[in-house]
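Trainee: Dropping a structure here in structure tokens format, bear with me for questions.
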Amino acid sequence: METAVTERGWNFKVKPARQSSEQHSSGAVRGTPAAGAAPRTLIQIRGLGLRYGEKAALEDIDLAIPQRRVTAFIGPSGCGKSTLLRCLNRMNDLVDDVRVTGEILLDGVNIYDRRTDVVALRQRVGMVFQKSNPFPKSIYDNVAYGLRIAGARRKNALDAAVEKSLKSAALWDEVTDRLRASALALSGGQQQRLCIARAIAVEPEVILMDEPCSALDPIATAKVESLIHELSQRYTIVIVTHNMQQAARVSDLTAFLYLGKLVEVGSTEKIFTARDKRETEDYITGRFG
Amino acid sequence: MKDFWKSGDPFVWLTGAMLALSLLMVTGLVTLVLVNGLGFFWPRGVERLVLDDGTVVVGEVSEREAIPAPDAPLGTPAEYRLQVKRGNRDVEGSDFLWIDEARIARRERPADVVVLERREWGNFYGEISALRQADRAVATGPAEAWAALEGRLSEALRLHEEIFSIEKGEIGANNHAQERLRLRLRGRELRGARDGAEIDAAHREIASLQAAYQQSVERLTRLRQGQNERLVATIAGGREVEIPLDKIVRAYRPNRMGAFAKAGFYATKLWEFVSADPRESNTEGGVFPAIFGTVMMVMIMSVLVTPLGIVAAVYLREYAKQGPFVSAVRIAVNNLAGVPSIVFGVFGVGFFIYTIGGTVDRWFFPEALPTPTFGTGGILWASLTLALLTVPVVIVATEEGLAAVPRGVREASLALAATKFETTWRVVLPAVLPSILTGLILAMARAAGEVAPLMITGVVKLAPALPLDGFFPFFHFERKFMHLGFHIYDVGFQSPNVDVARPMVYMTTVLLLTIVLFLNLTAILLRNRLRRRLQVSAV
Ligand SMILES: Nc1ncnc2c1ncn2[C@@H]1O[C@H](COP(=O)(O)OP(=O)(O)OP(=O)(O)O)[C@@H](O)[C@H]1O
Ligand SMILES: [Mg+2]
């Protein structure tokens, strides 16, 4: 059911629109939407603007991110993809001199409200970074970290959760016999999958991924991509990528950002075949960026 | 020529040469210390020198040097003189003697020369002729006297040991208990209570302790009466002396000792040096209290300085808003390391001892006043002063470690819903542990070698008791203590008998270096284990 789109020498394999049969394949699906129905919007961004000091990095973004779908942010370097992504779990709070306007509603609640508990927000919205960043601890401790922070102490429960997360991240088989070894001894691809395992161990609702494959070779990339595909059954995923093919392969929805503005958003199939905007056209076909 | 400079080779040579120079200076210093120190305990042969005027000198030749002759014309062969350690300070007045080689008519090594290490007056050199008990001769003749001496010396030493242990142990504990009771009574009195069951009981207890004390004293007197053996000996000039056996620590005939016996002797002396108390105003015996004091002080200092330095560094790097003020603080901290250490000592005296110690005394030890408890120099205050002195090192090392922790790791932790404190505590600090240990290593080395501030905050020439013993509460942080660095200064420059003490100075230096090295090695091993556990990423 894959649609091959060939255009000006570019060959994109676009992810097929999700069928209801596929959605029910995983038993762990929470609150599965009615078969065939349009997915529920989990995150609603309204009129979001962000300034680093004097410099505006995002302007007037409106975007709806659907539940249990993969949403991709694409755009040229410096257009604000990471900034937008980091707004979703308020990682930008760490940067000095940042001002955010507008609102981001998660389940209808504004996460930029003054009463929001950032820690609780980050429990719901996990993140995987561009550069793999395992803690200088053992593999086990890496995965168990978030659970321990959340207060889990029972060894059985931790063991089970670690195993489950590592299996979900397709890393279990490679590390079963060295869970106590340093995570830093893993290869780059393994480290990135470990970071994914670490993020899903705390069972967030949303996983943000900032160019998760940019440091990986094609094989590791393929593994992570199929992992993303798997995870999208249960998690809402937002991914930033520079790789057009990747965006086409993994995402259901693609948003194109340019100079801090959201230029175009739509189903991946549409963006890669019949986009409306000139800038999108130029970027995807490789005329700039 | 231009290419030569451009190639960079001269620079490489320069760096190599500078390194070699530094190494040379360090190894030179260490070798000097080692050679002078380690040779000290090896028993040297005793020579009998007959001078041209018939005088006889018996002793160890300890040095040979050219006689300075500034007026002699160039090319004249140098004349030499010998430094001889003839001992017998009680008779001769001094241990050492310089003799021009030209005046020596004969040199020989008589086999029967006996060296006695004594508790007072330094070594005896000479021959023994008889052993007497009370007024009765037990043995006469050199060989018989020697045999008898060898047999009885261990018994005499045991007796001495017993007397010492009664004095220190029994009587010491008794005094300690009486002192505590007296202080308790005084405390009650200060609060207005003058009689009552409790006070009567205390008085009764003191009385019984005093009775026990009397018994101990009587036992001591009896034991002392048993120390009635004396050795009759002749020194070089033919003068006869009598030496009580209980004043002898060790007797040996170096000219009859083989290499094996000498090695055994060396080992015993070395062991005595590290395990025994000092004798003869520190110029003889061991330095155990000083080793103990140094190590304990460094330990307390480490325990104090580590949390202090870490917390300060964490605040500076993680929490404080970076800006001119924080930079100024950082510069100030770094420059604190350049403040003369005696200034820290003065601060320690003024702040820790007088202010804090004085207050502690008024609040918690009023019954002992006017004798200060904490209001005087002690191991706690000395350690605190040194902690203050070394805290910049720990701060700088920790800060550098903190700066090297990648931002990504912190972000990962925060993204996993950890608070900033949890991130610092569970991720950042463990990763910084090796740097902290590096700082601690430097701090310990500095603290172990520091003398000036200690002299005024609690180090003494001779401490009556160790800061750790069997009396509750075991750790006596208020006590004065001995320290190897101060020991070196004291023995080397304050002792009445510098020539005798000089090898002791070298030996103590060797020991101090060894201890610093040992402490450092421990910390380095620990750090390497941590590093291996935290293994740097290959990616
Ligand atoms: N901490 C910061 N302080 C100031 N400006 C920043 C900061 N982070 C990002 N910016 C600026 O905001 C803009 C958007 O940056 P952002 O990192 O979101 O781009 P990006 O789309 O992720 O780019 P890339 O694809 O290269 O990662 C850039 O112009 C960048 O210079
Ligand atoms: Mg980016």
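The values are calculated or read from the model by the stated rules, or taken from the named source; none is laboratory data. Here the structure is a predicted model, which means the values were calculated and not measured. Note that each Cβ is placed from the backbone with ideal geometry, even for glycine, and that neighbours are counted across all protein chains shown. Note: accessible area is taken over every heavy atom of the protein model, side chains too, but ligands, DNA and RNA are not part of it. Shrake-Rupley method; radii C 1.70, N 1.55, O 1.52, S 1.80 Å.
Trainee: The range B:187-265: which chymotrypsin sites (Phe, Trp or Tyr not before Pro) are DSSP loop and have at most 10 other beta-carbon atoms within 10 angstrom?
Mentor: The qualifying sites: there are none.
Trainee: Once the dipole of chain B is set up with Lys and Arg at +1 and Asp and Glu at -1 on Cβ about the Cα centre, which of B:29, B:128, B:324 lies farthest towards its positive end?
Mentor: It is B:324.
Trainee: Mind scanning B:85/B:269; B:85/B:168; B:85/B:461; A:55/A:81; B:269/B:480; B:321/B:420 and naming the pairs with a C-alpha gap bigger than 23 Å? If you can, show how the numbers build up before the last one.
Mentor: On the way: B:85/B:269 18 Å; B:85/B:168 34 Å; B:85/B:461 26 Å; A:55/A:81 15 Å; B:269/B:480 27 Å; B:321/B:420 14 Å.
Check vs 23 Å cut-off fails for B:85/B:168; B:85/B:461; B:269/B:480.
Trainee: How shielded is B:417-423 by partner chains, expressed as the average number of their Cβ atoms within 10 Å of its Cβ atoms?
Mentor: If you average over the peptide's residues, the count of other-chain Cβ atoms is 5.
Trainee: If you place +1 on the Cβ of every Lys and Arg and -1 on the Cβ of every Asp and Glu, how big does the dipole about the Cα centre of the protein assembly as shown come out, in debye to the nearest 20?
Mentor: Here the size comes out at about 2480 debye.
Trainee: Still on this structure, I have one more. First select every other residue whose beta carbon is under 10 angstrom from the beta carbon of residue A:51; then total the charges, Lys and Arg +1, Asp and Glu -1.
Mentor: -1
Trainee: Would you compute, from DSSP H runs of 4+ residues alone, the mean residue ellipticity of chain B at 222 nm, taking -39500 (n - 2.57) per run and dividing by the full residue count, rounded to the nearest 500?
Mentor: Taken over chain B, the calculation gives -18000 deg cm²/dmol.
Trainee: Below 17 Å, Cα to Cα, which aspartates and glutamates can residue A:164 reach? Residues fewer than 8 away in the same chain don't count.
Mentor: A:141, A:173, A:174, A:177, A:203, A:205, A:230
Trainee: While we're looking at this one, here's another question. What is the gain in length, in nm to one decimal, between residue B:143 and residue B:469 on full extension, counting 0.36 nm per residue of separation less the C-alpha to C-alpha distance?
Mentor: So the chain would gain 112.9 nm between residue B:143 and residue B:469.
Trainee: For chain A, what is the mean residue ellipticity at 222 nm derived from helices alone (per DSSP H run of n ≥ 4: -39500 (n - 2.57); sum divided by total residues; nearest 500 deg cm²/dmol)?
Mentor: Helix-only estimate at 222 nm: -9000 deg cm²/dmol.
Trainee: Using a basic spin-label model with each label point 7 Å from the Cα along Cα→Cβ, how many nm lie between residue A:152 and residue B:22?
Mentor: My value for the distance between the label points is 5.0 nm.
Trainee: Count charges around residue B:246 for me, please; just the other residues with Cβ under 9 Å from its Cβ, Lys/Arg as +1, Asp/Glu as -1.
Mentor: Details: positive: B:119, B:224, B:247; negative: B:229.
Once positives and negatives cancel, what remains is +2.
Trainee: Could you calculate the FRET efficiency of residue B:136 with residue B:63 from 1/(1 + (r/R0)^6), where r is the beta carbon distance between them and R0 is 56 Å, rounded to 0.05?
Mentor: It comes out at approximately 0.80.
Trainee: Roughly what angle does helix A:155-168 make with the longest principal axis of chain A, taking Cα atoms, 0 to 90 degrees, to the nearest 10?
Mentor: 40
Trainee: Related question: About its Cα centre, what dipole magnitude does chain A give when the only charges are +1 on Lys and Arg Cβ and -1 on Asp and Glu Cβ, stated in debye to the nearest 20?
Mentor: Using only the charged Cβ atoms, the result is roughly 620 debye.
Trainee: Is the range A:132-184 best put as rounded, prolate or oblate by its Cα gyration tensor, with a ≥ b ≥ c the root eigenvalues, rounded for a/c under 1.5, and otherwise prolate when a/b is larger than b/c, oblate when not?
Mentor: oblate
Trainee: Would you mind classifying the range B:174-309 by shape? Square roots of the alpha carbon gyration tensor eigenvalues, ordered a ≥ b ≥ c; an a/c under 1.5 is rounded, otherwise it is prolate if a/b is larger than b/c and oblate if not.
Mentor: Values: a/c = 4.01, a/b = 1.50, b/c = 2.67.
Because a/c hits 1.5 or more and a/b fails to exceed b/c, the range B:174-309 counts as oblate.
Trainee: Quick check: pseudo-label points 7 Å beyond the Cα along Cα→Cβ at residue B:174 and residue A:62, how many nm apart are they?
Mentor: Rounded to a tenth, the inter-label distance reads 10.0 nm.
Trainee: Roughly how big is the range B:56-214's charge dipole about its Cα centre, with Cβ charges of +1 (Lys, Arg) and -1 (Asp, Glu), in debye to the nearest 20? Walk me through the intermediate numbers first.
Mentor: On the way: 24 positive and 29 negative charges, 126 e Å.
I would put it at about 600 debye.
Trainee: Can you grab the distance from the C-alpha centre of the range B:56-131 to the C-alpha centre of the range B:320-374, Å, no decimals?
Mentor: So the separation of the two Cα centres works out to 52 Å.
Trainee: What figure, in Å² to the nearest 10, do you get for the accessible area of residue A:112 with a 1.4 Å probe and non-protein molecules left out?
Mentor: Approximately 50 Å² for this residue.
Trainee: Counting only C-alpha contacts under 8 Å and six or more residues apart, can you give the relative contact order of the range B:131-266 as a whole percent?
Mentor: Across the range B:131-266, relative contact order equals 31 percent.
Trainee: State the percent of C-alpha pairs, over all pairs in chain B, separated by a distance greater than 37 angstrom.
Mentor: More than 37 Å apart: 52 percent of the Cα pairs in chain B.
Trainee: Restricting things to Cα coordinates, could you compute the convex hull volume per residue of the range B:288-501 in Å³? Walk me through the intermediate numbers first.
Mentor: Working: hull volume 34.5 nm³, N = 214.
About 161 Å³ per residue, rounded to a whole number.
Trainee: How big is the accessible area of residue A:131 in square angstrom, nearest 10, if you roll a 1.4 angstrom probe over the protein chains?
Mentor: For residue A:131, the solvent-accessible surface is approximately 140 Å².
Trainee: Would you mind checking which residues have amide H under 5 Å from residue A:40's amide H? H placed 1.01 Å from N; only 5 or more apart, or other chain.
Mentor: Amide H to amide H, under 5 Å and 5 or more residues apart or across chains, residue A:40 pairs with A:67.
Trainee: Taking a cut-off of 20 Å between Cα atoms, list the lysines near residue A:167, but don't count ones fewer than 8 places away on the same chain.
Mentor: A:137, A:155, A:223
Trainee: How tilted is helix A:188-201 with respect to the longest principal axis of chain A? Cα atoms for both, answer in degrees (0 to 90, nearest 10).
Mentor: Taking the Cα atoms of chain A, the angle to A:188-201 is about 80 degrees.
Trainee: Kindly sort B:150, B:478 by accessible area of their heavy atoms, largest first, with the probe set to 1.4 Å.
Mentor: B:150, B:478
Trainee: Using DSSP, restrict attention to beta bridges with both residues in the range A:171-265 and report what percent are antiparallel, rounded to the nearest 5. Spell out each step's value before the answer.
Mentor: Working: 4 of 9 bridges.
The antiparallel fraction comes to roughly 45 percent.
Trainee: Angle check, please: helix A:218-231 long axis (alpha carbons) against the longest principal axis of chain A (alpha carbons), in degrees 0 to 90, nearest 10.
Mentor: 90
Trainee: Now a separate question. Return the single residue from A:161, A:152, A:170 with maximal mean-square fluctuation; model: Gaussian network over chain A, springs between Cα atoms under 10 Å.
Mentor: A:152
Trainee: Can you tally the net charge around residue B:154? Count Lys and Arg as +1, Asp and Glu as -1, for every other residue whose Cβ sits under 12 Å from the Cβ of residue B:154.
Mentor: Every neighbour counted, the sum reads 0.
Trainee: Here's another thing I want to ask about it. When Cβ neighbours within 10 Å are restricted to other protein chains, what is their mean count per residue of peptide A:131-143? List each step's numbers first, then the result.
Mentor: Details: counts 4, 4, 10, 5, 12, 16, 6, 1, 0, 0, 2, 2, 0.
Across the residues of A:131-143, the mean count of other-chain Cβ atoms within 10 Å is 5.
Trainee: How big is the antiparallel share of DSSP beta bridges in the protein assembly as shown, given as a percent to the nearest 5?
Mentor: The answer is about 80 percent antiparallel.
Trainee: When chain A is modelled as a GNM with alpha-carbon springs shorter than 10 Å, which of A:209, A:91, A:244 fluctuates the most?
Mentor: Sorting by GNM fluctuation, first place goes to A:91.
Trainee: Moving on. Given springs between every Cα pair under 10 Å in a Gaussian network model of chain A, which of A:66, A:204, A:39 has the largest fluctuation?
Mentor: A:39
Trainee: Expressed in nm to one decimal, what extension gain is obtained for the pair residue B:162 and residue B:12 from 0.36 nm per residue of sequence separation less their Cα-Cα distance?
Mentor: Stretched fully, the residue B:162-residue B:12 segment lengthens by 47.4 nm.
Trainee: Anything in chain B that counts as a DSSP H helix reaching 15 Å or more along its axis (C-alpha) with Kyte-Doolittle mean of at least -1.0? List them, would you?
Mentor: B:9-38, B:142-165, B:197-225, B:259-275, B:288-314, B:324-336, B:379-404, B:429-449, B:498-534
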